[in-house]
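Derivation of every value follows stated rules applied to the coordinates shown; laboratory data play no part. Since this is a predicted model, take the numbers as computed values, not measurements. No Cβ is skipped: glycine too gets one built from the backbone with ideal geometry, and neighbour counts run over all protein chains shown.
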Amino acid sequence: MNRWPSDIAFSQCVRERADLSCERCERSYRHDGANMMGLHCSHLFGRRRASVRWDPDNAVAHCFSCHQYLGENPRIFSRWITEYLGSERADELEFRANEILKITERDREDIAAHYRREHRRMLALRAQGTIGRIEFEGWVTYLDPLVQVPKQFSQIDSDGNFSQADSGGMVEALDD
Ligand SMILES: [Zn+2]
């Protein structure tokens, strides 16, 4: 799968947010520059889903071992996500993940510029001595408030539940 400049900038934000440490085992990569490649930007729903590919709630920093372990144990991963986000935010994320969103090349340029800006802002805070977690702003997907309604109502049954056909999302974690 393509790795665009927007993905790289987003990944830098996700890892910096976590203070360059694994969000499961807390191993720090801050003073381990040569090994930075070992800290992954792990997507909860795979990058194939454009609607959440650059969503701050949809990615975490995981070391290679945790990334692999959770990728192989989707039920444990799913539980970890719910604990990490809280069940309400996890539900909202799942809702967004099931939206169909068309991203243009122009959007991707905007996304890359947005996350490069956010990353610079976070680095400036670090330079001023900020330690620990730093939140960052997500790229605004919907500029037109009229388009905020999810387009895939067909995936929600009459009880308001998502159809099971798409429940494999969490398993795509090793996607990246
Ligand atoms: Zn770890």
## Note on the structure
For the range 38-134, using Cα atoms only, the Rg and Dmax in Å read 15.0, 40
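Taking the number of other C-beta atoms within 10 Å as the exposure measure, put Tyr115, Tyr69, Tyr29 in order starting with the fewest. Intermediate values should be presented prior to the final figure.
Numbers: Tyr115 26, Tyr69 16, Tyr29 20.
So the ranking, lowest neighbour count to highest, is Tyr69, Tyr29, Tyr115.
Counting other Cβ atoms within 10 Å, keep those with at most 15, restrict to DSSP loop, and tell me which trypsin sites (Lys or Arg not before Pro) in the range 41-99 are left. Walk me through the intermediate numbers first.
Values: sites: Arg47, Arg48, Arg49, Arg53, Arg75, Arg79, Arg89, Arg96; in loops: Arg47, Arg48, Arg49, Arg53.
For trypsin sites (Lys or Arg not before Pro) across the range 41-99 that sit outside H, G, I, E and B with at most 15 neighbouring Cβ atoms in 10 Å, the list reads Arg48.
Express the Stokes-Einstein translational diffusion coefficient of the range 1-73 in µm² s⁻¹, to the nearest whole number, given a Kirkwood radius over alpha-carbon pairs, 10 °C and a viscosity of 1.306 mPa s.
Numbers: Rh = 12.4 Å.
Here the translational diffusion coefficient equals 128 µm²/s.
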